[in-house]
Amino acid sequence: MNKAIEVVCKEEKFKVAAFYSFSPIKEEVISPLIGEMNDIASKYELRGTILIALEGINGTICGKTEGVLEIHRKLLSLNLKTPFEIKFSSTSRQAFRRFKARQKKEIVTMGRVDVDPCKTAGKYVEPKDWNDFIDDPSTLLIDTRNEYEISTGTFRGSINPHTTKFREFPKWATKELRSLVNETKPKRIAMFCTGGIRCEKATSFLNQEGFSDVYHLRGGILRYLAEVPKSNSRWEGECFVFDQRVALDHSLKPGAYRLCFACGMPLSVEERQMTSYIPGVQCHHCKDLFSDDDRERFRERQKHIKSLQKRLPGNSIWPSS
């Protein structure tokens with residue numbers, strides 16, 4: 001059975017689909033498939049990213065409902081070994097700037113091609129069972145996302161590995177997590193990420209390294225927010241997403257965070273009120289990182305963005321402050 005969730009607001013103009021499947025794909029299939037994806041995207045004016053590798057497919061796309069569903073139908077027609085994990089949501093503005101479909105060595109980059117979620121991964125925990133699972137003090141809860149993602153929100157009581165990219169996770173797990181497990185002796189390890197794909201690989205890695213009783217949240221944070229009422233939620237804050245919406249609230253609508261257009265870090269309302277913040281030019285994260293020439297380029301770019309916002313209200317140009 002194909003797992004899919006959908007949060008739709010009738011007044012929203014665009015549909016967003018996030019999907020992945022770890023399933024073996026033959027090399028000779030990849031190039032034609034990329035061509036078909038590009039053709040569909042061009043026909044329906046879709047934007048987003050689709051990555052295809054020998055280990056599977058991963059993507060997030062945005063566009064009018066008809067086009068997104070056409071991609072969905074194409075994916076399902078592949079009849080992959082592992083059904084797609086798919087989440088649908090809606091938005092008032094286009095969430096991406098362009099479309100790209102390409103081949104990669106990994107559909108989520110860990111830098112360990114020997115790790116194969118097609119063969120082994122952790123045990124799933126359904127969103128409806130997640131609260132009881134992580135409320136158990138014998139559960140060691142780990143957020144597998146990066147530092148800047150965790151800064152916008154996470155599950156209370158979770159461990160932050162303090163990584164800047166996913167390929168740092170194996171080193172952290174080998175060094176820090178093993179010591180932590182030996183010290184605290186949890187009955188189980190529970191892991192989560194945005195949509196589930198990183199946990200598929202992270203739990204596979206842990207199993208390969210000899211960790212036992214490893215679990216992960218099916219469908220990730222996005223499925224949890226869609227299925228668990230806010231009144232009963234263990235989630236705190238917003239969920240960072242890799243598109244122009246920046247972060248989503250518990251209703252899977254764009255929240256209060258905005259990106260710094262200079263360094264790409266998510267900024268809260270409070271951070272955008274700091275004296276160091278200049279829209280499109282700098283924030284407190286990057287105020288000492290760029291040269292004066294860089295900032296002058298950023299200022300000119302910001303003028304262009306503001307001009308587009310005025311001329312094309314309600315289009316794909318998201319607010320910058």
Cross-chain or 6+ apart pairs with Cβ under 6 Å, segment 63-74 first and not assigned by TED's automatic domain parsing to the domain that holds residue 49 and crowded, with 21+ Cβ neighbours inside 10 Å, then at pLDDT below 95 and polar (S, T, N, Q): none
Test result for residue 226, within 20 Å of residue 149 (Cβ to Cβ) and out of contact with any Leu (no Cβ under 7 Å at 6 or more places or on another chain): no
Options 166, 155, 133; residue that is without any contact (Cβ under 8 Å) to a residue 60 or more places away in the chain and surrounded by 14 or more Cβ atoms within 10 Å (Cβ to Cβ): 166
From 141, 180, residue being buried (at least 20 other Cβ atoms within 10 Å of the Cβ), without any contact (Cβ under 8 Å) to a residue 60 or more places away in the chain and more than 21 Å from residue 108 (Cα to Cα): 141
Close pairs (7 angstrom Cβ cut-off, 6 or more residues apart or separate chains): touching a residue at least 40 places away in the same chain (Cβ under 8 Å) in segment 243-262, in a strand (DSSP E or B) and of a type in the set (Val, Ile, Thr) anywhere: 243/60; 245/91; 254/91
Entirely in segment 82-178, the strands (runs of 3 or more DSSP E) that have 3 or more residues that are at pLDDT below 95 and closer than 22 Å to residue 247 by Cα: 85-91
Residue in segment 264-283 that is surrounded by the fewest Cβ atoms within 10 Å (Cβ to Cβ), counting only those that are in contact (Cβ under 8 Å) with a residue 12 or more places away in the chain and more than 22 Å from residue 300 (Cα to Cα): 269
Residue within segment 230-245 that is at pLDDT 95 or above, aliphatic (A, V, I, L, M) and under 30 Å from residue 117 (Cα atoms) present: yes
Members of segment 190-206 found to be of a type in the set (Ser, Thr, Tyr) and farther than 17 Å from residue 19 by Cβ, listed by number: 203, 204
Qualifying residue in segment 201-211 (condition: aromatic (Phe, Trp, Tyr) and in contact with a Pro (Cβ under 7 Å, 6 or more places away or on another chain)): yes
Residues that are more than 14 Å from residue 102 (Cα to Cα), in contact with a Gly (Cβ under 6 Å, 6 or more places away or on another chain) and of a type in the set (A, V, I, L, M), drawn from segment 38-82: 46
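Specify which of the listed residues (261, 211) is assigned to a loop (DSSP other than H, G, I, E, B), over 15 Å from the mean Cα position of the chain (by Cα), surrounded by fewer than 23 Cβ atoms within 10 Å (Cβ to Cβ) and at pLDDT below 95.
261
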Every residue from segment 222-245 that is more than 16 Å from residue 158 (Cα to Cα) and hydroxyl-bearing (Ser, Thr, Tyr): 231
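Regarding segment 207-225, can at least one residue be identified that is under 18 Å from residue 20 (Cβ atoms), charged (D, E, K, R), in the same structural domain as residue 151 (by TED's automatic domain parsing) and touching a Phe, Trp or Tyr at 6+ places or on another chain (Cβ under 9 Å)?
First, the residues of segment 207-225 that are under 18 Å from residue 20 (Cβ atoms): 216-225.
Those still in the list that are charged (D, E, K, R) too: 218, 223.
Narrowing further to those that are in the same structural domain as residue 151 (by TED's automatic domain parsing): 218, 223.
After this cut, where a residue has to be touching a Phe, Trp or Tyr at 6+ places or on another chain (Cβ under 9 Å) as well, the list is 218.
Yes, there is a match, as at least one residue in segment 207-225 is under 18 Å from residue 20 (Cβ atoms), charged (D, E, K, R), in the same structural domain as residue 151 (by TED's automatic domain parsing) and touching a Phe, Trp or Tyr at 6+ places or on another chain (Cβ under 9 Å).
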The lone exception for residue 56 - which of (1) free of Cβ contacts under 8 Å to residues at least 60 places away in the same chain; (2) at positive phi; (3) crowded, with 18+ Cβ neighbours inside 10 Å it fails: (1)
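The values are calculated or read from the model by the stated rules, or taken from the named source; none is laboratory data. Given the structure is predicted, the values throughout are model-derived calculations rather than measurements. With ideal geometry, Cβ positions are generated from the backbone for all residues, glycine too; neighbour counts draw on all protein chains shown.
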